[in-house]
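Participant: This is the structure I want to talk about, given as structure tokens.
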Amino acid sequence: MSRQQEKFNFAELKGRVAVITGAGNFGIGWGLAKHSALNLRMHVALIDLHEATVERAAAELRAMAPDLNILALACDVTNSADLIRALNQIDDAFADTSIGAVFANAGVLFNSSILKSDIEDWEATLNVNVLGVVKTIKAFVPKLQAQTQKSIFCTTASVGGLVRGDGGAAAYQASKHAVVALTESLSFEIAKKSPQVHVRVLCPCIVSTSLMQSSQLIKSAKNAPAGGNLEPIKPNEMVLGMTPERHAEQVFDLISDGKFYLVTDNVKPYVDHNLPFAAMDIIAERFANLKELQLDNSDAFATPAAGYPSAILKGPMFQGGTTFSNGD
Ligand SMILES: NC(=O)c1ccc[n+]([C@@H]2O[C@H](COP(=O)([O-])OP(=O)(O)OC[C@H]3O[C@@H](n4cnc5c(N)ncnc54)[C@H](O)[C@@H]3O)[C@@H](O)[C@H]2O)c1
């Protein structure tokens with residue numbers, strides 16, 4: 001194992017800057033931003049597509065941490081020039097402070113099978129979820145490499161990027177498999193040259209966020225420029241989901257432990273119930289099948305608890321027809 005995968009002492013992050021894309025809608029990015037500010041005492045640059053969205057989230061964080069510098073940046077992660085502009089704005093705002101962590105977290109989800117999907121949804125998914133991450137790497141990793149201090153560069157994939165293809169979110173899962181692979185590649189690329197940059201891939205299970213609504217909103221406002229006036233969407237709390245805040249605790253616990261694959265399952269102490277997603281079992285099942293060179297598609301014949309044939313929504317969280325969202 002290289003130095004990249006050492007344990008991380010968060011005292012080294014205090015007073016430095018955390019940069020988080022997709023932080024405007026009070027989801028996973030917001031949880032990471034809040035934890036970075038309130039628990040690690042980091043300054044934070046929140047990035048999201050629309051100015052009103054990200055400004056609102058930043059204002060809430062400023063009220064919680066008035067002694068920290070909280071920056072709101074409207075930026076489209078599919079646009080390299082926007083990302084470079086964001087980096088320059090961060091440099092200007094935090095001239096004497098280095099970047100301690102970057103989370104390439106922005107994403108979209110259009111839940112649909114391959115045959116019923118619109119190609120536009122595939123294009124949007126691959127553009128934001130894959131190329132958006134690649135462009136964020138290209139904009140921010142050279143900056144981290146130029147710093148001598150330790151830092152974290154973490155992409156957000158999904159547990160869907162580690163398990164076999166699902167019955168209903170083909171584009172999303174394909175994009176998240178790509179994020180896992182490209183983050184592994186990044187780790188290899190810079191391990192020797194820049195061991196001070198700790199590369200990580202976040203693979204969440206179920207977090208209470210408004211991902212589907214925020215994706216639809218972005219889709220319907222396609223022609224609204226970044227910096228437009230979309231209001232943020234506060235997520236409904238899901239019955240068995242993790243809150244973004246408790247999810248962030250798990251993320252930082254895994255980082256502190258030196259883990260590369262940050263698989264954040266719905267387990268205690270991050271939830272108050274005993275119905276995990278059981279990610280590691282479902283990941284292991286895929287690899288057991290791979291060893292036999294077989295695809296076990298028996299779930300396609302089962303009566304699904306979660307509403308459609310799913311190779312992945314089948315752990316204890318979904319038994320007995322459990323719905324996991326208050327909104328369903
Ligand atoms: N919620 C879950 O259970 C879950 C599980 C696994 C992975 N994820 C991943 O977590 C990440 C965050 O999602 P979330 O669930 O917190 O939902 P969210 O809606 O709070 O976050 C996604 C954010 O990305 C932003 N975004 C979309 N396109 C953008 C663009 N082009 N430029 C800048 N920002 C853009 C959206 O405005 C939104 O704020 C996503 O990558 C998602 O795929 C979520």
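Participant: Would a scan of the stretch 220-240 turn up a residue that is more than 8 Å from the ligand (Cβ to nearest atom), among the β-branched types (Val, Ile, Thr) and modelled with pLDDT of 95 or more?
Facilitator: No, because not a single residue in the stretch 220-240 is more than 8 Å from the ligand (Cβ to nearest atom), among the β-branched types (Val, Ile, Thr) and modelled with pLDDT of 95 or more.
Participant: Let me ask something else about it. I need the full set of residues from the stretch 54-111 which are under 24 Å from residue 40 (Cα atoms), of a type in the set (S, T, N, Q) and within 16 Å of the ligand (Cβ to nearest atom), in order please.
Facilitator: Scanning the stretch 54-111 gives 89, 105.
Participant: Moving on. Within the group 136, 156, 148, which residue is out of contact with any strand residue (DSSP E or B) (no Cβ under 9 Å at 6 or more places or on another chain) and modelled with pLDDT of 95 or more?
Facilitator: 148
Participant: Kindly check whether there is at least one residue in the stretch 244-251 that is closer than 30 Å to residue 100 by Cβ, modelled with pLDDT of 95 or more and in a loop (DSSP other than H, G, I, E, B).
Facilitator: No.
Yes/no per residue for (1) touching a strand residue (DSSP E or B) at 6+ places or on another chain (Cβ under 7 Å); (2) surrounded by fewer than 18 Cβ atoms within 10 Å (Cβ to Cβ); (3) without any contact (Cβ under 8 Å) to a residue 40 or more places away in the chain; (4) of a type in the set (Asp, Glu):
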site: 252; (1), (2), (3), (4): no, no, no, no
site: 266; (1), (2), (3), (4): yes, no, no, no
site: 271; (1), (2), (3), (4): yes, no, yes, no
site: 274; (1), (2), (3), (4): no, yes, no, no
site: 277; (1), (2), (3), (4): no, no, no, no
site: 293; (1), (2), (3), (4): no, yes, yes, no
site: 300; (1), (2), (3), (4): no, yes, no, no
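Participant: Identify all residues within the stretch 41-60 that are farther than 12 Å from residue 103 by Cβ and within 19 Å of the chain's Cα centre (by Cα); write none if there are none.
Facilitator: Listed by number, the residues that qualify are 48, 49, 50, 53, 54, 57, 58.
Participant: What's the number of the only condition in (1) within 11 Å of the ligand (Cβ to nearest atom); (2) crowded, with 18+ Cβ neighbours inside 10 Å that residue 212 fails to meet?
Facilitator: Exception for residue 212: condition (2).
Participant: When you scan the stretch 1-25, how many residues do you find that are among the aliphatic types (A, V, I, L, M), within 16 Å of the ligand (Cβ to nearest atom) and not in a strand (DSSP E or B)?
Facilitator: Of the residues in the stretch 1-25, 1 are among the aliphatic types (A, V, I, L, M), within 16 Å of the ligand (Cβ to nearest atom) and not in a strand (DSSP E or B).
Participant: Can residue 175 be described as surrounded by 18 or more Cβ atoms within 10 Å (Cβ to Cβ), modelled with pLDDT of 95 or more and within 11 Å of the ligand (Cβ to nearest atom)?
Facilitator: yes
Participant: Please tell me if residue 7 is surrounded by fewer than 24 Cβ atoms within 10 Å (Cβ to Cβ), at pLDDT 95 or above and not hydrophobic (A, V, I, L, M, F, W, C).
Facilitator: No.
Participant: Follow-up. So residue 64 passes all but one of these: (1) surrounded by 15 or more Cβ atoms within 10 Å (Cβ to Cβ); (2) of a type outside the set (Gly, Ala, Ser); (3) modelled with pLDDT of 95 or more. Which condition number does it fail?
Facilitator: Among (1) surrounded by 15 or more Cβ atoms within 10 Å (Cβ to Cβ); (2) of a type outside the set (Gly, Ala, Ser); (3) modelled with pLDDT of 95 or more, the lone unmet condition for residue 64 is (1).
The values are calculated or read from the model by the stated rules, or taken from the named source; none is laboratory data. Just so we're clear, the structure is a prediction, and the values are computed from it rather than from any experiment. Counting neighbours? That spans all protein chains shown, and the Cβs are built from the backbone with ideal geometry, glycine included.
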